[in-house]
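Since the structure comes first, as structure tokens, the remarks are kept for the end.
The values are calculated or read from the model by the stated rules, or taken from the named source; none is laboratory data. Bear in mind that the values here come from a model prediction, so they are computed numbers and not experimental data. Counting neighbours? That spans all protein chains shown, and the Cβs are built from the backbone with ideal geometry, glycine included.
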Amino acid sequence: MYSFNFAETFTVGKVRIDNIRVYAHHGCLKEETAIGSEYRVDVSVDADLSKASLSDALSDTVDYVHINHIVKQEMEIPSKLLEKVGQRIITRIFDEIDIVNKAKIWVSKINPPIGGDVEKVTIVIKEKRVY
């Protein structure tokens, strides 16, 4: 008869934070950085949630408040490209949250100034931790 041992399992989970709304000053045009615009950031991370599922302790999981804080801090730093902002966010997530194995981020500029009626433009960056 097989006995289930939690110590032998690896619980991969996903934590998503959707629709973080930020007003920031990114863009290649002087007007964009001076006036600023609305942005939306979505984050998804994969992590080993085994310990948290047993301990019920915040210190054993991915703290989405911490991720929200990272996003807001990095969005405050003006950049010409959304790709640069997205990479900074992912780099900090990996640097500051050890249990994250994969991260994917969507950074969207709402109503971009591109000469047409466009709801948003979005860049997507995903990365996997290399051990």
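This table checks each residue for (1) under 20 Å from residue 128 (Cβ atoms); (2) surrounded by 14 or more Cβ atoms within 10 Å (Cβ to Cβ); (3) aromatic (Phe, Trp, Tyr).
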position	(1), (2), (3)
67	yes, yes, no
71	yes, yes, no
75	no, yes, no
83	yes, no, no
103	yes, yes, no
106	yes, yes, yes
Q | Count of residues meeting criterion [over 11 Å from the mean Cα position of the chain (by Cα) and either among the acidic types (Asp, Glu) or closer than 30 Å to residue 31 by Cβ (or both)] in the range 47-74 | A | 5
Q: Within the range 1-49, track down each residue that is modelled with pLDDT under 90, polar (S, T, N, Q) and buried (at least 16 other Cβ atoms within 10 Å of the Cβ).
A: 33
**Q.** Sole residue being among the charged types (D, E, K, R) and touching a Lys or Arg at 6+ places or on another chain (Cβ under 6 Å), chosen from 46, 18, 42
**A.** 46
Q) Only one of these conditions is not met by residue 56: (1) surrounded by 13 or more Cβ atoms within 10 Å (Cβ to Cβ); (2) at positive phi; (3) not polar (S, T, N, Q). Which number is it? A) (1)
Q. In the list 90, 77, which residue meets the criterion of being modelled with pLDDT of 95 or more and in contact with a strand residue (DSSP E or B) (Cβ under 6 Å, 6 or more places away or on another chain)?
A. 90
